[in-house]
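The structure appears below as structure tokens.
Quick note: the coordinates plus some simple rules give every number you see, no bench work behind them. Since this is a predicted model, take the numbers as computed values, not measurements. Note that we place each Cβ from the backbone using ideal geometry, even for glycine, and neighbour counts take in every protein chain shown.
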Amino acid sequence: MHIDITMKTRSTIRECGVQIWGASLYLSDWILSKLSQFQDAVVMELGAGVGLPGVVVARVCRRVFLTDYEDKSLRNCLRNVMLNDKRGVCSVRKLDWSDEFPIKKDEVKQQSEFDWTEKELMELKSCNYLLAADVIYSNELTTSFLNKVVQILSICREDAKLIMTIEKRYNFTLPELCTTCREYDFFFSHVQVEGAGREETCIGSAKTFLLRGKKLGSDFEKRLKEYDRSDEMELWELIRIPT
Ligand SMILES: C[S@@+](CC[C@H](N)C(=O)[O-])C[C@H]1O[C@@H](n2cnc3c(N)ncnc32)[C@H](O)[C@@H]1O
């Protein structure tokens, strides 16, 4: 498979989506190893950045929505879609985890090329997979990401899954007085983990689990070279716990 991607090699936090991150390469490698599983699926990528996983999965999917919130990232993602989406199944759309989504019918507007149409919002009802790579890295964002994932999964197919890769980044934090990966711990405190997927953390478990799932192994071929498969790189399959 040949794919062309345009990106920058450096970025600011606000525009980090114009750069490609290792977790996105890891997720793309996993997708390549499971391509037949995505045949005819409807997929939505969250915080897509340059959009590599979405563009890869688009080779076999029925429909792919690549979403992000930041203008430069959205424009670069669209460029990558135009370079690679020969089947015409991709749409690049604005989705900010802090905003209301799905948008109500009477609030749908076509002012920008990244706005959703009513038809597309209907298509999400048959969504099989959400994809996300390296989106757990800031305290404020993690809460809105978690809530948005739960909300979106509730409008997708009942068996829809979130496939997510994370690169854990550790810091010594004063409130916990230990070395933590705060945002990761917070996110997974809301996840009911099947099997031995998560070590005990300073944060512990939340009273209400919102997602359930398991950590997937890394025993698949490494086709993309430019990233490390360290212990800090994790791949998760998660579903919504019905309320
Ligand atoms: C570290 S980058 C990862 C980009 C890409 N997934 C990758 O792994 O190469 C985080 C991504 O999350 C997006 N993001 C950050 N805050 C967001 C928000 N509030 N709503 C939607 N996307 C957001 C950024 O624009 C960026 O594309």
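Per residue, how big is the convex hull of the chain when only Cα atoms are used? Give it in Å³.
Taking the convex hull of the Cα positions in the chain, it is 133 Å³ per residue.
May I ask you to compute the full-extension gain from Asp106 to Leu174, defined as 0.36 nm times their residue separation minus their alpha-carbon distance, rounded to one decimal in nm?
Fully extending the segment from Asp106 to Leu174 adds 19.8 nm.
For Tyr227, what is the net charge nearby, where nearby means another residue's Cβ is under 15 Å from its Cβ and Lys, Arg count +1, Asp, Glu -1?
Taking every other residue near Tyr227 into account, the sum is -3.
Given a cut-off of 27 Å, name the pairs among Lys125/Lys148; Lys8/Lys119; Lys8/Lys168 whose C-alpha atoms lie farther apart than that in the structure shown.
Pairs exceeding 27 Å: Lys8/Lys119.
With unit charges on the beta carbon (Lys/Arg positive, Asp/Glu negative), name the residue among Cys127, Ile103, Trp116 whose Cα is farthest towards the positive pole of the charge dipole of segment 89-135.
Checked the options; the winner is Cys127.
Could you pull out the trypsin sites (Lys or Arg not before Pro) across segment 95-136 that fall in loop regions by DSSP (anything but H, G, I, E, B) with no more than 10 other Cβ atoms inside 10 Å?
Qualifying residues, ordered by number: Lys104, Lys109.
Is segment 1-144 rounded, prolate or oblate when judged by the Cα gyration tensor, a ≥ b ≥ c being the square roots of its eigenvalues, rounded requiring a/c under 1.5 and prolate requiring a/b larger than b/c?
Rounded shape, in that the Cα axes give a/c under 1.5.
Between Thr117 and Lys225, what FRET efficiency follows from the Cβ-Cβ distance if R0 is 25 Å, with the result rounded to 0.05?
FRET efficiency, Thr117 to Lys225: 0.05.
Mind grabbing the base-10 log of I(q)/I(0) for segment 78-136 at q = 0.14, 0.16 Å⁻¹? Debye formula, identical points on the C-alpha positions, no solvent, two decimal places.
Here the Debye-derived log intensity ratios amount to -0.49, -0.64.
Leu216's amide H: which non-local residues (gap 5+, or another chain) put their own amide H closer than 5 Å, with H modeled 1.01 Å from N in plane and none for Pro or chain starts?
Under 5 Å from the amide H of Leu216: Leu235, Trp236, Glu237.
The chain: longest stretch without exposed GluC sites (Glu not before Pro) (DSSP loop, at most 16 other Cβ within 10 Å), sites themselves excluded?
Answer from the scan: 16-99.
Full-extension gain between Lys34 and Asp96, please, as 0.36 nm times their residue separation minus the C-alpha to C-alpha distance.
Here the answer is 19.5 nm.
How far apart, in nm, are the 7 Å Cα→Cβ label points at Gln151 and Thr243?
According to this spin-label approximation, the distance is 1.1 nm.
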